1. Residue B:96 fails exactly one of the following numbered conditions: (1) touching a residue at least 24 places away in the same chain (Cβ under 8 Å); (2) more than 18 Å from residue B:164 (Cβ to Cβ). What is the number of that condition?
2. Among the residues of the range B:107-123, count how many are modelled with pLDDT of 95 or more and either away from every other protein chain (no Cβ under 14 Å) or part of a loop (DSSP other than H, G, I, E, B) (or both).
3. Can you pull out every residue in the range A:14-33 that is away from chain B (no Cβ under 13 Å) and either in contact with a helix residue (DSSP H, G or I) (Cβ under 8 Å, 6 or more places away or on another chain) or in contact (Cβ under 8 Å) with a residue 60 or more places away in the chain (or both)?
4. Test residue B:63 against the criterion of being touching a helix residue (DSSP H, G or I) at 6+ places or on another chain (Cβ under 6 Å) and either surrounded by fewer than 17 Cβ atoms within 10 Å (Cβ to Cβ) or under 21 Å from residue A:22 (Cβ atoms) (or both), and give yes or no.
5. Out of curiosity, is residue B:134 at pLDDT 95 or above, buried (at least 17 other Cβ atoms within 10 Å of the Cβ) and touching a helix residue (DSSP H, G or I) at 6+ places or on another chain (Cβ under 8 Å)?
6. Confirm whether residue B:41 is assigned to a helix (DSSP H, G or I), at pLDDT 95 or above, crowded, with 18+ Cβ neighbours inside 10 Å and more than 9 Å from chain A (Cβ to nearest Cβ).
7. Report, by residue number, each residue of the range A:48-73 that is more than 8 Å from chain B (Cβ to nearest Cβ) and either under 20 Å from residue A:9 (Cα atoms) or free of Cβ contacts under 8 Å to residues at least 24 places away in the same chain (or both).
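The values are calculated or read from the model by the stated rules, or taken from the named source; none is laboratory data. Nothing here was measured: the structure is a model prediction, and the numbers come from that model. Counting neighbours? That spans all protein chains shown, and the Cβs are built from the backbone with ideal geometry, glycine included.
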């Protein structure tokens, strides 16, 4: 994914040692060609996993997930973030804490779209502390589905998400792995 | 767009005379093949408009917008919905009232991605009362861009959005136009 690494180098803005902004091609403006390439690369890396559903979270996970879904010919489900929800029998709910925003949200999916024995691939734009990925895993597992992998566009490898997920035995594929954001510089593995 | 009309007929759920749920292929689970076809059809209908940017709103507008963006080779910007924002010099803000949810949200885009003389195509999943589309138009016009058209997947033609936008002279292309949801039935034009 040289195209992705180049974009991060040229357009990513390092706001602090922990924060990288990629609003010009992923999180606000979307570069469709790059997201298409990301989808194709996820498909290549997970092609033997017999994926039946892709699970992502609004809003920035949707673009890579739908290109991947088209390539693999499987549906995409996006979890919704809500401040807090009124109980609803038809929803699966997981609490997700955002360290960046210092807030906890309910993340929900309907019970109607992920089933027992589904092979679910989780897709997200960033992996940092792993809270969003763990929330999505929790939703899939509440539905008794199998989580067969986690596809991440940008991993901040110096934060704890990667090791948390590896400890639990999940297969992670991150297309850009960032070693450090120190001194306003992005360095990759 | 027969594929779309078939999907609506077979999987859409009429919850009331005003509410059609399409959670199984657009608003929660996404059918990537259908969204690809929607993107290609928008591209065909707006191909002479010299579009330079696509503007949509999170979350359900993103999937059709990115397939369209790939086809036309232009960036996609998704506006964010927020309960209410703290003033920020770099944001354009518009108030959007949702009649369905009975709430008013701030809808925002950064000033960094849409410019004077951009030819902006607005894309959304539904056109009902037109409030979301008018909010997006307002954002693009605050940036002094030209709004060259509005691409809608499902138009509830019996609500006032279509006529409001036509009165103001905008070009609308809706892929499914619903005449009525009376008696639990979807009838198309």
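1. All conditions pass for residue B:96, except number (2).
2. Going residue by residue through the range B:107-123, those that are modelled with pLDDT of 95 or more are B:107-116, B:118-123.
Pick out the ones that are also either away from every other protein chain (no Cβ under 14 Å) or part of a loop (DSSP other than H, G, I, E, B) (or both) and you get B:111-116, B:118-119, B:122.
So the count comes out to 9.
3. Initial filter on the range A:14-33 (away from chain B (no Cβ under 13 Å)): A:14-20.
Selection gives A:14, A:16, A:17, A:18, A:19, A:20.
4. Values: touching a helix residue (DSSP H, G or I) at 6+ places or on another chain (Cβ under 6 Å): yes; either surrounded by fewer than 17 Cβ atoms within 10 Å (Cβ to Cβ) or under 21 Å from residue A:22 (Cβ atoms) (or both): yes.
For residue B:63, the condition - touching a helix residue (DSSP H, G or I) at 6+ places or on another chain (Cβ under 6 Å) and either surrounded by fewer than 17 Cβ atoms within 10 Å (Cβ to Cβ) or under 21 Å from residue A:22 (Cβ atoms) (or both) - is met.
5. Working: at pLDDT 95 or above: yes; buried (at least 17 other Cβ atoms within 10 Å of the Cβ): yes; touching a helix residue (DSSP H, G or I) at 6+ places or on another chain (Cβ under 8 Å): yes.
Considered against the rule, which asks whether it is at pLDDT 95 or above, buried (at least 17 other Cβ atoms within 10 Å of the Cβ) and touching a helix residue (DSSP H, G or I) at 6+ places or on another chain (Cβ under 8 Å), residue B:134 comes out as yes.
6. On the way: assigned to a helix (DSSP H, G or I): yes; at pLDDT 95 or above: yes; crowded, with 18+ Cβ neighbours inside 10 Å: yes; more than 9 Å from chain A (Cβ to nearest Cβ): yes.
Judged against the criteria, residue B:41 is a match.
7. A:48, A:60, A:64
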